[in-house]
Amino acid sequence: MSSFKHRIELQFKNFGLWVFDNRFKTLLAVLLIAAGFISQLPKITMDTSSEGFLHENDPILIAYDHFREQFGRDESVVLAIKSPEIFEKSRLEKLKQLHEELEDNVPFLDDINSLINARDTHGEADRLIVEDLFEEIPTSEKEIQSKKEFALKSTLFKNFILSEDAEYTAIMIRSNAYSTADDESVVDLDAGFEDTEIKPEKTSEKKFLTDAENSEMVNKIREIVKKYQADDFKIYAAGSPFVVDSIKRAMQHDMQKFIKLALLTIAIVLFILFRRVSGVFLPLLVVILTLLSTVSMMAMSGVPFKLPTQILPLFLLAVGVAAAVHLLAIFFRHFNEHGDKRGAIGYCMGHSGLAVAMTSLTTAAGLLSFSTSEVAPIADLGRFAASGVSISLLYTLILLPSLIAILPLKQKQDSKTQTRTEFMDKILLQIANIATTHSKKIVNIAAVLFIFAIIGVMQISFKHDPLRWLPESWETRQATDLLDVKMRGTGIIEVVVDTGTVNGLYEPKIMNTLNELHGKVNKLTYENIFIGKTVSVVDILKESNRALHENQDSFYQVPQDKALIAQELFLFENSGSDDLEDFVDSQFSLARFTIKTPWVDAATNAELIKLIESEFNQALGDSASMYTTGMASLFSRTMDAAIESTKQSYVIAALVISLMMIALMGNFKLGLISMIPNLLPIFIAMGLMGYLGMPLDMFTMLIGSISIGLVVDDTIHFMHNFRRYHYDFGDVNKAVKETLHTTGRAIVVTTIVLCLGFFIFMAASMENLFRFGLITGITIFLALLADLFLAPALMKLLFDRNSAVKQTTT
């Protein structure tokens with residue numbers, strides 16, 4: 001063993017002895033620091049919004065923010081009502097009552113649309129009249145029938161508030177774009193719409209609707225809807241606000257369940273291993289303080305829990321306990337043999353302190369590879385998980401020895417414990433014999449598995465679809481799937497057309513192009529995805545033109561005179577309806593073009609958006625520019641960013657950890673070879689995903705970088721001790737046996753804890769977490785087999801070959 005490494009181990013030993021001698025001061029200092037962190041815990045928040053996936057300076061998010069500033073929120077709650085005959089008087093009255101209760105009581109409501117206030121644009125003489133379809137429920141059946149015929153004939157109502165077969169009618173609820181948390185910073189956009197010279201200010205100070213406010217709105221809608229549910233008035237709630245809230249509810253429920261299961265599982269495993277209350281209490285205290293301190297750091301930094309960061313608590317519990325187990329396993333063995341607590345602390349710190357520190361650093365390095373991710377919560381996960389691992393290391397090396405020093409511990413020489421230990425040692429000894437005796441066969445098997453894995457990896461697809469994370473039995477998912485069919489979609493793609501000039505929308509050429517795009521876009525399809533509906537200022541213009549020409553359907557078209565377009569839009573604007581401001585800016589230079597689609601995954605959306613952009617760019621030419629935005633664009637951008645960031649994180653993690661392994665081994669070749677047992681399990685697990693048809697989503701993308709940081713821990717413990725014993729004995733077989741005898745049990749136990757920790761995710765409500773837990777747990781188990789069989793086999797071949805080369809040379 002190198003003198004440099006020996007000096008470091010001696011420093012760890014001396015540090016352990018120092019902590020023992022200053023145990024009360026050390027404990028007090030650590031607890032004060034922990035208390036300072038934990039005092040910030042109540043400030044933690046949660047954010048499951050789609051825009052929360054992107055950094056504030058992301059161009060796509062900036063464009064989306066500009067869109068919301070101008071046109072309001074694009075996300076809507078869709079309440080679809082199935083009724084045998086919605087146009088029957090009593091049901092219209094019930095619909096009106098529901099509409100009005102929602103309008104009066106739902107917080108943060110910006111707009112609500114249904115058959116009750118559906119736009120009825122018509123002309124009387126030379127007047128343009130825009131009024132609500134059912135402002136008052138008609139008393140005569142004839143008048144109801146007349147309005148029914150109008151509604152069924154209206155192209156605007158179809159697949160918007162009325163299904164094609166009139167079996168379903170919808171209430172569309174849109175919330176405010178801005179939070180009411182700071183009313184002074186909110187600017188009245190409606191006032192700006194009436195005066196083209198005034199633009200809203202303080203944009204940067206305004207806060208968009210928060211995740212908590214979205215949940216408050218959704219919960220109120222749920223409460224009201226429940227009162228109106230009936231067999232002949234069945235209400236289905238869908239839309240992205242409901243999806244986001246459902247994911248949040250599942251996330252909150254799962255996090256509490258995960259932590260309870262994890263703590264129980266860890267406690268059981270620790271008790272089986274140590275058969276001591278202290279062996280359970282000490283590691284649990286370390287990991288609980290680690291978790292609370294890390295979450296408090298997030299609260300102090302103003303970083304909320306988001307979807308990917310929900311794996312953080314369970315991850316820290318599983319990883320944190322592993323370091324404590326390695327130290328305690330060595331400590332209790334030495335303490336039981338010699339009865340000297342101070343000497344045992346010094347011995348375990350000198351024996352495993354460096355390895356524990358290196359495993360924590362490699363795990364942190366794997367996690368830090370996420371810190372540059374373009375997906376904000378993944379970057380947060382990288383930073384705070386790495387910080388949590390570092391905090392866990394400090395608590396393990398400082399808090400754990402000080403508590404051991406203070407607590408009264410009894411020396412145990414239990415015959416049953418000795419029997420169990422001997423039984424496990426026999427198994428590990430057999431593994432050592434197999435690994436060193438059949439080293440070539442084991443390496444060949446590993447090579448075959450690698451080829452098998454590569455074939456599977458090539459079959460993996462990318463997918464980001466939060467709706468499919470929810471169980472099929474959940475009402476939100478069922479309602480969304482139903483309305484995608486019955487109402488031709490619940491997803492939205494927004495297009496903003498910029499003419500570049502004030503009053504540019506008055507040009508007949510622009511309006512004609514937008515009108516043509518309605519027809520072209522409605523015919524677009526990608527795979528099995530269709531366009532359900534398109535809406536823009538053109539609809540308002542054509543309605544107005546028809547109304548001002550004696551309501552004749554032949555005039556449902558775009559006027560071909562600039563002055564006439566300006567006049568008709570002016571008349572509509574002054575009719576009392578505020579619908580125009582939803583589709584144009586105050587200077588009539590920007591136009592909003594809304595495209596309704598089914599809810600699809602981000603990858604499919606990205607391809608559909610490309611087709612839409614192609615149609616718009618080709619149709620507009622040099623007359624105007626355009627960009628797409630809205631939830632669909634955010635999903636697509638999130639997926640693209642995740643894919644690119646994942647590639648980078650995998651490369652960074654593998655490179656940094658390889659360099660750290662080379663430094664720890666003190667040998668370039670040995671360091672690289674030691675990475676084989678770490679990388680092979682990841683390839684096999686990813687290949688398994690390909691064969692099973694599991695997609696790479698926002699969570700399973702994390703497996704590679706997280707796993708490499710975890711699985712390398714056991715390799716470090718194995719290689720660190722192997723190098724020590726090979727230096728002492730000069731014999732590979734004996735070094736492998738001694739390594740597994742001293743640290744093998746800790747490796748097995750920590751792997752069990754990690755596997756069970758991640759398998760707990762399989763109890764999640766959401767499918768994405770199930771897949772993440774399953775594959776990560778399998779990866780860690782495969783890594784254990786690689787460390788027990790493949791790593792010794794590689795060392796056997798490497799050192800025997802080196803010995804043969806030396807003998808030949810001699």
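Read the figures in this text as sums done on the coordinates, not as results from a lab. Bear in mind the structure is a predicted one, so any value in this text is a computation, not a measurement. Positions of Cβ are backbone-derived with ideal geometry, glycine not excepted, and every protein chain shown enters the neighbour counts.
Laid out as a table, the results:
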| read-out | value |
| --- | --- |
| Antiparallel DSSP beta bridges within the chain, percent to nearest 5 | 95 percent |
| Candidates per GluC sites (Glu not before Pro) in segment 99-164, loop by DSSP, up to 14 other Cβ within 10 Å | 135, 136, 164 |
| C-alpha long axis of helix 602-620 to longest principal axis of the chain, angle in ° | 40 degrees |
| For segment 437-535, size of Cβ-based charge dipole, Lys and Arg +1, Asp and Glu -1, in debye | 480 debye |
| Proxy reagent accessibility, fewest Cβ within 10 Å first, across 266, 173 | 266, 173 |
| Cα-based shape type of the chain, given that a ≥ b ≥ c are square roots of the gyration tensor eigenvalues and the cut on a/c is 1.5 | prolate |
| Distance between modelled label sites at residue 610 and residue 587, nm, 7 Å Cα→Cβ extension | 3.4 nm |
| Rough spin-label spacing in nm, given labels placed 7 Å along Cα→Cβ, for residue 525 and residue 372 | 4.4 nm |
| Chain lengthening between residue 433 and residue 731 when straightened (0.36 nm per residue, less Cα-Cα) | 105.9 nm |
| Simple spin-label estimate for residue 473 and residue 552 in nanometres, 7 Å along Cα-Cβ | 6.1 nm |
| Estimated FRET transfer efficiency (residue 180, residue 93; beta-carbon r; R0 35 Å; 0.05) | 0.60 |
| DSSP-assigned coil residues among trypsin sites (Lys or Arg not before Pro) in segment 490-565, each with at most 14 further Cβ atoms within 10 Å | 523 |
| Formal net charge of residues neighbouring residue 597 (Cβ-Cβ distance under 10 Å; K, R +1; D, E -1) | +2 |
| Förster radius 45 Å - calculated FRET efficiency between residue 8 and residue 647, Cβ distance, rounded to 0.05 | 0.80 |
| Radius 15 Å from Cβ of residue 617, net charge of other residues (Lys, Arg +1; Asp, Glu -1) | -3 |
| Length-normalised contact order of segment 70-167 in % [C-alpha pairs under 8 Å, at least 6 apart] | 26 percent |
| Ranking of 342, 477 by count of other Cβ atoms within 10 Å, fewest first | 342, 477 |
| Order of 50, 154 - criterion: other Cβ atoms within 10 Å of each residue's Cβ, fewest first | 154, 50 |
| Cα centroid separation - segment 498-568 against segment 124-185, whole Å | 20 Å |
| Theoretical gain in end-to-end length, residue 800 to residue 625 [0.36 nm per residue, Cα-Cα removed] | 56.1 nm |
| Length-normalised contact order of the chain in % [C-alpha pairs under 8 Å, at least 6 apart] | 20 percent |
| Length-normalised contact order for segment 516-572 - Cα pairs under 8 Å, 6+ apart - percent | 24 percent |
| Angle between the chain longest axis and helix 240-274 axis [Cα atoms, degrees, rounded to 10] | 10 degrees |
| Eligible lysines near residue 647 by straight Cα distance, threshold 22 Å, same-chain separation 8 or greater | 306, 463 |
| Separation of alpha-carbon centers, segment 668-688 and segment 732-796, rounded to whole Å | 13 Å |
| Segment residue 41-residue 230, length gained on full extension (0.36 nm per residue, minus Cα span) | 63.7 nm |
| Filtered trypsin sites (Lys or Arg not before Pro), segment 204-237: DSSP coil and at most 12 other beta carbons within 10 Å | none |
| Debye, to nearest 20: dipole size of the chain, +1 on Lys, Arg Cβ, -1 on Asp, Glu Cβ | 7040 debye |
| Global form of segment 311-443, assessed from the alpha-carbon gyration tensor, a/c cut-off 1.5 | oblate |
